[in-house]
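K.L.:
Input: one structure, supplied below.
Bear in mind these aren't lab numbers, they're just calculated from the coordinates by the rules spelled out. Here the structure is a predicted model, which means the values were calculated and not measured. Glycine also receives a Cβ, built like all others from the backbone with ideal geometry; neighbour counts cover every protein chain displayed.
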Amino acid sequence: MEKMSWEKLLSRKRFCVAKNDSSDATNRSVFEADIQRIIFSGAFRRLNKKTQVHPLIANDHVHTRLTHSIEVSQVGKILGKTLGEKISLPNGYTSFDLGSIVEAACLAHDLGNPPFGHAGEEAMKHWFENNESKFFKELSGDQKKDLFNFEGNAQGFRIITQTENYLFHGGMRLTYATLASFMKYPWTSQKGIKKFGAFITEKEILESVANEVGLIKKSDIEWARHPLAYLVEAADDICYGILDLEDAVELKILKLQDVLDIAMNAFSKEEADTIKKELGPEEDFRVYLSRLRGRVFEKAISGAIDGFLKVQDKIMEGRFEGDVFSALDGNDRRKTLIRLAKGLAEKSIYPDAAKVEIELGSYTTFDILLKTFCEAALENCQHIGDPGKNKLGWKSGLVLKMLGNHAPRKGNEPKEKDWDKYQCVRRSIDFISGMTDNYAVYVADQLQGTSQSNKFRY
């Protein structure tokens, strides 16, 4: 039975970098350098104004994609270090390396999410489906799958490998270990299912990452997950499962007792009674939840590690399907904790009326943005191909100025590719999906001529 090797899985080699240094002058490991490359990137900074669950929220206690990603990274770091202490690592590697790899992948895991979160993804899909005959009938079937199924995970992979920092020459140039751990869905859109990890523009990159770290190949477009990707997923599940509920209490969508009923279920009766005595009165729900959170996280983290170790052989052989919590026994309280938390969120938080109203408004915002930028992209594609024959229109010229140095032009095309309609539209999507919630609304208002010109300064 083919099996993945930790020595290959923990590759320190950097994507698109010929030399292979294990450290640098600042005494960082390459994996710690990955963390800092992500944190100091513009894409990471913009997460501060992107929706986690509740769009355009004024309450600063509620999570954005930035605060969520930071918290996920800290849980991921603990998961990686803990696993590293329980398995046999190759010479030259420590548990801190595993912690840093998972931390880096967690920091990057939401970089590809568009404005307004999952509602933004759906709005983009809806727009492309409705405008296929008008703009995109000449594209290939695979190209349409990409455009009509915008996926934040695939966009994130494109950002870290293509568009951030070294445009079309390695992106952030992260280590192969971090890139592979980032890949929750290591297959392309060609698989034809809702979730995927790479657009066809990044198919060759996905293959090179998989080959470098030794992922098990399942087909020409699909590989088995990197083992540490399961820990990235677990960290995300723990944080949004529990902290989304806290946000809902903050916004008065849920009552404190709704959250306590689920949180306390992770403990035996004796443990729960002891915890309640130590936590004190429930007068300030923020303080109470803050004190309780660490204990709940400890339970969930131990569950994730136990689940991983239980199916470790299957994971290393590329045969495990599901998340690490699903590997736990059916009556395991830690498994029930995550299941109940997700269930309550789906039932009571995501359908919240105020949230839905703003999400509906996001459809109009995306309609304006996509129509304007895609029309300009398609016109620009003809202009690049034959500038003498196809003069760029005044409006399209102004639209493309907003893309700055990232606007398609001769000399900045994808490596070994020419600008075609698909590639030009892809760059417009890069720009739109990278917008913050506020900036998306602002630009849409400007394009309609309804913006208060000094309301925002960007």
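K.L.:
Identify, among Ser69, Asn91, Phe199, the residue whose Cα sits farthest towards the positive end of the charge dipole of the chain, taking +1 on the Cβ of Lys and Arg and -1 on the Cβ of Asp and Glu, with the dipole about the Cα centre.
P.N.:
Highest projection toward the positive end goes to Phe199.
K.L.:
Still on this model: In the neighborhood of Tyr363, defined by Cβ-to-Cβ distances under 13 Å, what is the net charge if each Lys or Arg adds +1 and each Asp or Glu adds -1?
P.N.:
With Lys, Arg at +1 and Asp, Glu at -1, the neighbours total -4.
K.L.:
Take Ile242, Ile221, Ile70 and order them by how many other Cβ atoms sit within 10 Å, fewest up front.
P.N.:
Result, fewest neighbours first: Ile70, Ile221, Ile242.
K.L.:
Another question, if that's okay. Under the classification rounded if a/c is under 1.5, otherwise prolate if a/b is larger than b/c and oblate if not, where does the chain fall, given a ≥ b ≥ c as square roots of the Cα gyration tensor eigenvalues?
P.N.:
oblate
K.L.:
Moving on to the next point. Between Lys217 and Thr450, what is 0.36 nm times their sequence separation minus the Cα-Cα distance? Round to one decimal in nm.
P.N.:
Length gained, Lys217 through Thr450: 78.7 nm.
K.L.:
Hey, another quick one. Here is the link list: Lys49/Lys421; Lys276/Lys342; Lys49/Lys371. Which ones come out longer than 28 Å on Cα distance?
P.N.:
Lys49/Lys421, as the Cα separations exceed 28 Å there.
K.L.:
Quickly estimate the mean residue ellipticity at 222 nm for the chain, helices only: each DSSP H run with n ≥ 4 gives -39500 (n - 2.57), and the total goes over all residues, rounded to 500.
P.N.:
-17500 deg cm²/dmol
K.L.:
Using alpha-carbon positions, what is the distance between the centroids of the stretch 104-152 and the stretch 83-100, in Å?
P.N.:
Their Cα centres are 37 Å away from one another.
K.L.:
Points 7 angstrom from Cα along the Cβ direction at Phe96 and Ser140: gap in nanometres?
P.N.:
Going from the Phe96 label point to the Ser140 one covers 4.7 nm.
K.L.:
Within a 10 angstrom radius of the beta carbon, how do Phe15, Phe182, Phe40 rank from fewest other beta carbons to most?
P.N.:
Lowest to highest Cβ neighbour count: Phe40, Phe15, Phe182.
K.L.:
How many times 2.2 N^0.38 Å is the alpha carbon radius of gyration of the stretch 1-102?
P.N.:
1.32
K.L.:
I'd like the isolated cysteines in the chain, meaning no second cysteine's beta-carbon lies under 4.7 angstrom from theirs.
P.N.:
Isolated Cys, the chain: Cys16, Cys106, Cys239, Cys374.
K.L.:
Quick one: what do you get for the stretch 230-349 if you divide its Cα Rg by 2.2 N^0.38 Å?
P.N.:
1.11
K.L.:
Using the alpha-carbon centroid of each, what span in Å lies between the stretch 214-253 and the stretch 361-400?
P.N.:
36 Å
K.L.:
Using θ = phi - 60° and the Karplus form 6.51 cos²θ - 1.76 cosθ + 1.60, what ³J(HN,Hα) does each residue of the stretch 41-50 get, whole Hz, x for Gly and Pro?
P.N.:
7, x, 4, 5, 4, 5, 4, 4, 10, 10
K.L.:
Please list, by residue number, every one of the GluC sites (Glu not before Pro) in the stretch 355-458 that is coil in DSSP and has at most 16 other beta-carbon atoms within 10 Å.
P.N.:
Answer in residue order: Glu416.
K.L.:
Rank these for me by crowding, Cys106, Cys424, going from fewest to most other beta carbons within 10 Å.
P.N.:
If I rank by nearby Cβ atoms, fewest first, I get Cys424, Cys106.
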